[in-house]
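The values are calculated or read from the model by the stated rules, or taken from the named source; none is laboratory data. Remember, predicted model here, so these are calculated numbers, not experimental data. Cβ placement follows ideal geometry from the backbone for every residue including glycine, while neighbour counts extend to all protein chains displayed. To get the accessible areas, we keep the full protein, side chains included, count just its heavy atoms, and leave off ligands, DNA and RNA. Shrake-Rupley method; radii C 1.70, N 1.55, O 1.52, S 1.80 Å.
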Amino acid sequence: MFITRILHNDRGGQIMLAVLAVVLVLVPVLNLLVPEGNFLHMPTYLVTLLGKYLTYVLLAIAVDLVWGYLGILSLGHGAFFALGGYAMGMYLMRQIGDRGVYGNPNLPDFMVFLNWKEMPWFWQGFDMFWFAMLMVLLVPGVLAFVFGWLAFRSRVTGVYLSIITQALTYALLLAFFRNEMGFGGNNGLTDFKDILGFSLQSDNTRMTLFVLSGLALAGGYLLCRFIINSKLGRIVVAIRDAESRTRFVGYRVEHYKVWVFTVSAMLAGVAGALYVPQVGIINPGEFSPLNSIEIVIWVAIGGRATLYGAVIGAILVNYAKTVFTGLMPESWIFMLGALFVLVTLYLPQGLAGLVQNLKDSRWFHKRVQA
């Protein structure tokens, strides 16, 4: 089978997708079929939390594709995630209609508050779901393509490229904070009512969004694994390990970089689009450079260049964040920084690398004893 070929020699990915399949079956059963009051019942808020984690995992995979396999440390993927989220948020705002606070059937509440007289041109079309979903892919993809084309043709690499990607994110943060940009300013977009006519407060809708997030994660993982296993993937890894030599052989290195960087940005946009209806808000804070740095930490802790390691890192770190921000909210950022330093010093290959080293060590001892 096609999927079997993609996952060949990817034991971690096989286990991850099997666990994901079980979760996508088990969670709806526990939430919708097990009655409330039963200790096995899963509350809807927990389903939403798990759905949010799945979008984070898809984002982590997108970062691992460019950092782990292409060697580009992007500190700007939070921007692509936020742009996908804003595209979805604009669609959801258009669906509110006259149910807003001011009852204006044509303009969102924040535009009425700011005395806007008509809908800006760049909001046109977002009342149609297909158009919004197209923008979820195109906006991050086009930005990544233009940025990558300019940066990679100029042969900007290493820490300089990382700084530029972070500067891009910060510039978007400042722009989206401005009320005159037409994206809700500091408050962003919120108070969503429904999607495709289904209430976002409904348990069934939230469960559907959870399942869609899981399916998007599975599709994103398989897409990344397909790229890695292809001839393109082998060239990408060669660029990571010896860019000058790959260029000397005759490959147009910048073309491969732009292609993979764009695909990664589009995956991040999809993650952002699934994130917004589940959390109910999108604001400029999602562009924060700190968010992009945190994504890199997920991948580093889980293990670069494994994909499934990014899954492990994203889930563990975000679960820890959920727990410790409730217990010690002011200390979490310091704990995260300390964890990153410890992993960098003592587990340079992350948790996935640690597991692989333990397996190799066990195999070696068995061979010696034999």
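If you roll a 1.4 Å probe over the heavy atoms of the protein chains, what accessible area per residue do you get for the stretch 118-245, in Å²?
For the stretch 118-245, the per-residue accessible area is 53 Å².
How high is the relative contact order of the stretch 54-116, in percent, counting Cα pairs under 8 Å that sit 6 or more residues apart?
Taking the mean separation of contacting Cα pairs over the length of the stretch 54-116, I get 15 percent.
What's the percent breakdown of Cα-Cα distances in the stretch 1-119 across 5 Å bins, shortest bin first?
2, 8, 10, 12, 12, 14, 14, 12, 8, 5, 3, 1
May I ask you to give the average projected area over all directions of the convex hull of the Cα atoms of the stretch 166-242, in nm² rounded to one decimal?
8.7 nm²
Please sort 195-201, 57-63, 292-298 by packing, taking for each peptide the average over its residues of neighbouring beta carbons within 10 angstrom, highest first. Before the final figure, lay out each step's value.
On the way: 195-201: 12.7, 57-63: 29.6, 292-298: 22.6.
Result, highest mean Cβ count within 10 Å first: 57-63, 292-298, 195-201.
For a bin width of 10 Å, list the pair-distance distribution of the stretch 50-179 built from all Cα-Cα distances, rounded to whole %.
P(r) over the stretch 50-179, rounded to whole percents: 11, 34, 31, 18, 6, 0.
Helix 77-94 against the longest principal axis of the chain: what's the angle in degrees, Cα atoms only, rounded to the nearest 10?
30 degrees
Report, largest value first, the span of the C-alpha coordinates of the stretch 249-306 along each principal axis, in whole Å.
Projected onto the principal axes, the Cα atoms of the stretch 249-306 cover 50, 24, 20 Å.
Rounded, prolate or oblate, given the Cα gyration tensor of the stretch 224-367, with a/c below 1.5 counting as rounded?
Here the stretch 224-367 falls in the oblate category.
What is the Cα centroid distance between the stretch 308-341 and the stretch 217-276, reported in whole angstrom?
Distance between centres, Cα-based: 27 Å.
Please report, for the Cα atoms of the stretch 177-303, the Rg to one decimal and the Dmax as a whole number; what are they, in angstrom?
Gyration radius and largest Cα-Cα distance of the stretch 177-303: 19.1, 58 Å.
Using mean Cβ contacts within 10 Å as the protection proxy, how do 316-329, 277-290 order, highest first?
On the way: 316-329: 13.4, 277-290: 20.1.
Peptide ranking by packing, descending: 277-290, 316-329.
Net charge within 12 Å of W332 by Cβ-Cβ distance, Lys/Arg positive one each and Asp/Glu negative one each, not counting W332 itself? Spell out each step's value before the answer.
On the way: positive: K321; negative: E294, E330.
Summing Lys and Arg as +1 and Asp and Glu as -1 gives -1.
Which semi-axes, in whole Å and largest first, does the equivalent ellipsoid of the chain have when worked out from the alpha carbon gyration tensor as the square roots of 5 times its eigenvalues?
Largest first, the chain gives 35, 27, 19 Å.
Figure the gain on full extension for L215 and S154 (residue separation times 0.36 nm, minus the Cα-Cα span) and round it to one decimal in nm.
Net length gain for the segment: 18.2 nm.
Got a sec? Charge dipole of the chain, +1 on Cβ for Lys and Arg, -1 for Asp and Glu; which of A82, P120, A310 is way out at the positive end?
Final value for the positive-end residue is A310.
So for the stretch 79-125, Kirkwood radius off the Cα pairs, Stokes-Einstein at 10 °C and 1.306 mPa s: how many µm² s⁻¹?
D, rounded to a whole number, is 140 µm²/s.
For the chain, give the percent of accessible area contributed by carbon and sulfur heavy atoms, probe 1.4 Å, rounded to a whole number.
66 percent
Need the full-extension length gain, L32 to D191, defined as separation in residues times 0.36 nm minus the C-alpha distance. One decimal, nm.
54.7 nm
What number, rounded to the nearest 500 deg cm²/dmol, is the helix-based mean residue ellipticity at 222 nm of the chain, given -39500 (n - 2.57) per DSSP H run of at least four residues and division by all its residues? Show your work: numbers first, answer last.
Numbers: 15 runs with 253 residues, N = 370.
Computed ellipticity for the chain at 222 nm equals -23000 deg cm²/dmol.
List the relative contact order of the chain as a percent without decimals, with contacts defined as Cα pairs under 8 Å and 6+ residues apart.
30 percent
Give me the number: length gained by fully extending D127 to F334, i.e. 0.36 nm times residue separation minus the C-alpha to C-alpha distance, one decimal in nm.
70.3 nm
Any idea what angle helix 253-279 forms with the longest principal axis of the chain, computed on alpha-carbon atoms, 0 to 90 degrees, nearest 10?
Rounded to the nearest ten degrees, it is 50.
Which residue, T48, T262, T344, tops the fluctuation ranking in a GNM of the chain built on C-alpha contacts under 10 Å?
Maximum among the listed residues: T344.
Note the count of lysine pairs whose C-alpha atoms are less than 24 angstrom apart in the chain, limited to pairs 8 or more residues apart or on different chains. Mind dumping the intermediate values first?
Values: K52/K193; K52/K321; K117/K193; K231/K257.
Number of lysine pairs found: 4.
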